[in-house]
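Contents: one structure, followed by commentary.
The values are calculated or read from the model by the stated rules, or taken from the named source; none is laboratory data. It should be emphasised that the depicted structure is a prediction, and the values quoted were computed from it without experimental measurement. Here the Cβ positions follow ideal geometry from the backbone for every residue, glycine too, while neighbour counts run over all protein chains shown.
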Amino acid sequence: MKKGIRFRVNGVDTALEVESHLTLLQVVRERLSLTGAKFGCGIQVCGTCTLLLNGKPVSACSVLAVDADGSDVLTVEGLAKDGQLHPLQEAFMEVGALQCGYCTPGFLLTAKALLDENPHPSEEEIRSYLAGNFCRCGCYQEIVRAIQKVAGE
Amino acid sequence: MKTFDYLEPTTVGEACALLKQGRGEARVFAGGALMTILMKEGLLQPKTLINIKRISALKGIDFHPAQGLAIGALVTHHELETSKTVKEKLPILCAVEKEVANIRVRSMATIGGNLASGEPLTDLPQVFIALDARIRIASSSGERVMALEDLYIDYYQTSLAEDEIITQVIVPPAPERSGIEYIRFSSSSVVDKPCVGVAARISLGVEKACQTVRIVLGCVGPTPVRAKKAEAVVVGKPLDARLAEEAGSVASGECSPVSDLRGSEQYKRAIVGVLVRRALARAYEDASQS
């Protein structure tokens, strides 16, 4: 079954006709060519497909695109504004909070959701909020430091 | 994933009527955290998906002094975790929610879906059952209320009929001088499903004796289990270390864990014994201080 959906993606009103069984991740990557979010585990464990849906982090691999009708979606491509990287992106680069970068879009968006909800989290709160994002290069210390840097500003 | 018809009713009545028309081939969809996985794996292939998320009557958390806490079926885990009302009236629920899955699942998954899924490896049912929670259920022919404990039948099987939807969870106010504790034990990563989860509630009667005791074991059987023999060990007496130990050992014989990657049957039984002992001790301390 096909259904028309309208949603805002990175601030842009978007209307699409999608099959009911497609996931938000498939639609964002394949129809809108926003390939920052990656497919990882497919079962909401790894966090590499994280997008913000109405400001809340979700595993886009497990959200039906039809269910995102009427929502506000933020992908990593929407973080920078007017050619300026988001402070979290700057901090990730400065601290070296990545190696291969596969998990980075998910970490950035999860960190943004955390700081929107709680602008000055403790280290424990950061670690707990991000416990569901995996970095196989093992940059956890640097990721926490990068977020602390932004949270402390 | 196979394609399906997708509907978005805006009232409970409409949703139940659609479920009835679906004759078992329609499924309720709310947060979708578990449903999408089951559908992607091909374990569920509904002909029609009925998304109930547009039904505003199923949202929100209310507290009434007489009735207790009323939690709408569409409330997400994260909403429960961060609700000011819940933090004030029943902080144990916020504490439990902090440890459920990860922030993405907590943002998406709903309380109604968590209970209706019949998923045995989860946290909330044990806690709600220990609090004597009831659920409100709507169908195409009316409404009923039942104890949450009576919902569960087997692995992923509940007593909900084809056209029924859980609309609300009702947690009655606990008697005065009550204490509750939940201990979640994870044998791998903290974001993994629990290996064992034990909830204990004690309400005191006269002279510090335990009047009402609930010991609910999760993840160690097809459904959450009330360890009634272990409860009987404690009822009518003040709790001490020996009694808590005995209740733990009795409880470890009242469940039916299976060996899997989270631990062997024997290991899980041993963990149940330890957690029951600890949870009882903390619930008792909590009750004595309140």
Would you pick out the residues in region B:26-61 that are more than 14 Å from chain A (Cβ to nearest Cβ) and free of Cβ contacts under 8 Å to residues at least 40 places away in the same chain?
B:60, B:61
For the structure I just gave you, tell me whether residue A:106 is touching a strand residue (DSSP E or B) at 6+ places or on another chain (Cβ under 8 Å), at pLDDT 95 or above and not assigned by TED's automatic domain parsing to the domain that holds residue A:55.
yes
Considering region A:38-57 alone, what residues qualify as being touching a Ser or Thr at 6+ places or on another chain (Cβ under 6 Å) and not polar (S, T, N, Q)?
A:38, A:40, A:49, A:51, A:53, A:56, A:57
Give region B:145-164 a look and list any residue that's closer than 10 Å to residue B:223 by Cβ and assigned to a strand (DSSP E or B), or say none.
B:152, B:153, B:154, B:157, B:158
Identity of the residue in region A:1-24, of a type in the set (A, V, I, L, M) and either within 11 Å of chain B (Cβ to nearest Cβ) or farther than 27 Å from residue B:101 by Cβ (or both), that ends up surrounded by the fewest Cβ atoms within 10 Å (Cβ to Cβ)
A:15
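Considering only residues that are facing chain B (nearest Cβ under 10 Å) and of a type in the set (Val, Ile, Thr), look in region A:35-62 and name the one that is nearest to the chain's Cα centre (by Cα).
The selected residue is A:50.
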Conditions first: (1) without any contact (Cβ under 8 Å) to a residue 12 or more places away in the chain; (2) within 28 Å of residue A:111 (Cβ to Cβ). Residue B:64 passes all but one, so which condition is the exception?
(2)
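Of these, B:47, B:40, which one is over 18 Å from residue B:122 (Cβ atoms) and surrounded by 16 or more Cβ atoms within 10 Å (Cβ to Cβ)?
B:40
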Picked from region B:175-201 (must be more than 14 Å from chain A (Cβ to nearest Cβ) and part of a loop (DSSP other than H, G, I, E, B)), the residue farthest from residue B:93 (Cα to Cα) is B:187
Under 8 Å between Cβ atoms, which residue pairs at least 6 apart in sequence (or on different chains) link something in region A:112-135 that is more than 10 Å from chain B (Cβ to nearest Cβ) and over 17 Å from residue A:54 (Cβ atoms) with a partner that is β-branched (Val, Ile, Thr) and outside any loop (DSSP other than H, G, I, E, B)?
A:121/A:147; A:123/A:144; A:126/A:144; A:126/A:147; A:135/A:143
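Name the single residue, out of those in region A:80-110 being outside any helix (DSSP H, G or I) and buried (at least 20 other Cβ atoms within 10 Å of the Cβ), that is farthest from the other protein chains (Cβ to nearest Cβ).
Going residue by residue through region A:80-110, those that are outside any helix (DSSP H, G or I) are A:80-86, A:96-103.
Restricting the remaining residues to those that are buried (at least 20 other Cβ atoms within 10 Å of the Cβ) gives A:97, A:103.
Numbers: A:97: 18, A:103: 13 Å.
The qualifying residue farthest from the other protein chains (Cβ to nearest Cβ) is A:97.
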Checked pairs for region B:93-104, first free of Cβ contacts under 8 Å to residues at least 60 places away in the same chain, second among the hydroxyl-bearing types (Ser, Thr, Tyr) and assigned to a loop (DSSP other than H, G, I, E, B), C-beta under 8 Å and 6 or more apart or across chains, list as B:94/B:83; B:100/B:122
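Hand me the list of helices (runs of 4 or more DSSP H) wholly inside region B:202-290 holding 3 or more residues that are of a type in the set (Gly, Ala, Ser), in contact (Cβ under 8 Å) with a residue 40 or more places away in the chain and under 19 Å from residue B:132 (Cβ atoms). So that I can check it myself, show each step before the final result.
Values: elements: B:228-234, B:241-251, B:265-289.
Hits in region B:202-290: B:265-289.
Given the residues B:58, B:44, B:34, B:18, which is the only one that is under 14 Å from residue B:164 (Cβ atoms) and in contact with a helix residue (DSSP H, G or I) (Cβ under 8 Å, 6 or more places away or on another chain)?
Working: B:44 fails: under 14 Å from residue B:164 (Cβ atoms); B:34 fails: under 14 Å from residue B:164 (Cβ atoms); B:18 fails: in contact with a helix residue (DSSP H, G or I) (Cβ under 8 Å, 6 or more places away or on another chain).
Of the residues listed, the single one that is under 14 Å from residue B:164 (Cβ atoms) and in contact with a helix residue (DSSP H, G or I) (Cβ under 8 Å, 6 or more places away or on another chain) is B:58.
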Of the residues B:154, B:132, B:123, which single one is acidic (Asp, Glu), within 9 Å of the chain's Cα centre (by Cα) and under 22 Å from residue B:272 (Cα atoms)?
B:123
Give, as residue ranges, the strands (runs of 3 or more DSSP E) completely inside region B:1-106 that count at least 1 residues that are over 23 Å from the mean Cα position of the chain (by Cα).
B:5-7, B:26-29, B:48-51
